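The values are calculated or read from the model by the stated rules, or taken from the named source; none is laboratory data. Treat the numbers as computed from the prediction; the structure is a model and nothing was measured. Here the Cβ is made from the backbone with ideal geometry for all residues, glycine too, and neighbour counts use every protein chain on show. Keep in mind that these areas ignore ligands, DNA and RNA; they rest on the heavy atoms of the full protein, side chains included. Shrake-Rupley method; radii C 1.70, N 1.55, O 1.52, S 1.80 Å.
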Amino acid sequence: MIAEALQYLATAALTGSAHRRFVRYSVNLWSRAGRCSRAWAAHEANCKNAIRTAMSDLSQRRTAVVLGSGLLRDVPIGELAKTFDTVVLVDLVHLASVRLWLKAKAYRNVRLIERDLSGSDDVKAGRDPEPLGFLRSVPYLDFVVSANLLSQIGRGVKRQFEAEASSGMPADTVGTLISTHLQGLADLPCRTCLLTDISYAVIDRTGKVHEEADLLHGIVPPTAKAGWDWPVAPLGEESRDYQIVHNVIASW
């Protein structure tokens, strides 16, 4: 608890006021990642390998952008920094520990941008959402990674919609924003790599599935070039009797 408290305080001090309320979610993820490091190792390795494969045959390697860079556990940041002239990491929150690690590594070509990538603010304001529109102003853009972000957009917007029932957000907002993110990636004039969990299952010790859900709310993702299971909550994390396993795809 002390480590989490220190992480929270240090990160909150470095985070803009508009995004400070999201710091606790990032700290919670950081804490779980530490507890579940063995169970998550294969998933993280698969994500890194997908990114490596997606960028392996690029003819130009000037600027790379990682959307939802998070903890950087699923991103081969060292290789990206060596391969590209500039690497831009975009997320709502950049943890103090991640900032410190990047500084220690002396990645002089890595930039951090604090940004809401969901598009929910546009929807609430009655505008057509264009959360990836800012990428058009990124010079010499050759590679964009959406790193396990898509389902988080869905979960975050759903939570916001339920908490702000009078906000005026349409009932189909979650699906709209997931679709908008996918279309935004498809419209980019460069190579993209999508990493996303698309569904989850609650499974007991005998292998029986007790619950399943579509994390993309009916939106069909691009054709996967790779896929795997990610035990987000292995046995013992939330219960001794069941685990929560997400199905992940990679597309590029």
Among (1) open to solvent by less than 50 Å² (accessible area, probe 1.4 Å); (2) over 30 Å from R240 (Cα atoms); (3) modelled with pLDDT of 95 or more, where does D187 come up short? (1)
Can you tell me which residues in the range 183-220 are closer than 25 Å to D57 by Cβ and of a type in the set (S, T, Y)? T192, T196
Reported set for the range 33-48 where residues are surrounded by fewer than 16 Cβ atoms within 10 Å (Cβ to Cβ), in contact (Cβ under 8 Å) with a residue 40 or more places away in the chain and not small (G, A, S) is R35
Members of the range 59-95 found to be without any contact (Cβ under 8 Å) to a residue 40 or more places away in the chain and aliphatic (A, V, I, L, M), listed by number: L72, I77, L80, A81, V87, L89, V90
Report whether or not A104 is free of Cβ contacts under 8 Å to residues at least 24 places away in the same chain, surrounded by fewer than 21 Cβ atoms within 10 Å (Cβ to Cβ) and touching a helix residue (DSSP H, G or I) at 6+ places or on another chain (Cβ under 8 Å). no
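What residue, of V66, V90, V75, is under 19 Å from E114 (Cβ atoms), part of a loop (DSSP other than H, G, I, E, B) and either open to solvent by 20 Å² or more (accessible area, probe 1.4 Å) or at pLDDT 95 or above (or both)?
Values: V66 fails: part of a loop (DSSP other than H, G, I, E, B); V90 fails: part of a loop (DSSP other than H, G, I, E, B).
One residue alone meets the criteria, V75.
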Positions within the range 105-135 being under 21 Å from the mean Cα position of the chain (by Cα) and on the phi > 0 side of the Ramachandran plot, in sequence order: G119
Quick count over the range 223-234, residues being touching a residue at least 40 places away in the same chain (Cβ under 8 Å), among the small types (G, A, S) and open to solvent by 30 Å² or more (accessible area, probe 1.4 Å), is 1
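Identify, please: which residue in the range 1-29 is touching a Gly at 6+ places or on another chain (Cβ under 9 Å) and closer than 24 Å to S118 by Cβ and is, among those, surrounded by the most Cβ atoms within 10 Å (Cβ to Cβ)?
Going residue by residue through the range 1-29, those that are touching a Gly at 6+ places or on another chain (Cβ under 9 Å) are 3, 22, 25-26, 29.
Imposing the further condition that a residue be closer than 24 Å to S118 by Cβ reduces the set to 22, 25-26, 29.
Details: F22: 17, Y25: 15, S26: 22, L29: 16.
By that ranking, first place goes to S26.
Table: residues versus (1) in contact (Cβ under 8 Å) with a residue 12 or more places away in the chain; (2) outside any strand (DSSP E or B); (3) under 20 Å from the mean Cα position of the chain (by Cα).
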position	(1), (2), (3)
Y200	yes, no, yes
P221	yes, yes, yes
G236	no, yes, no
I244	yes, no, yes
State the number of residues belonging to the range 140-183 that are at pLDDT 95 or above, open to solvent by 10 Å² or more (accessible area, probe 1.4 Å) and within 27 Å of N28 (Cβ to Cβ). 4
Of the numbered conditions (1) out of contact with any helix residue (DSSP H, G or I) (no Cβ under 9 Å at 6 or more places or on another chain); (2) without any contact (Cβ under 8 Å) to a residue 40 or more places away in the chain; (3) open to solvent by less than 60 Å² (accessible area, probe 1.4 Å); (4) of a type in the set (G, A, S), S56 satisfies every one except a single condition; which is it? (3)
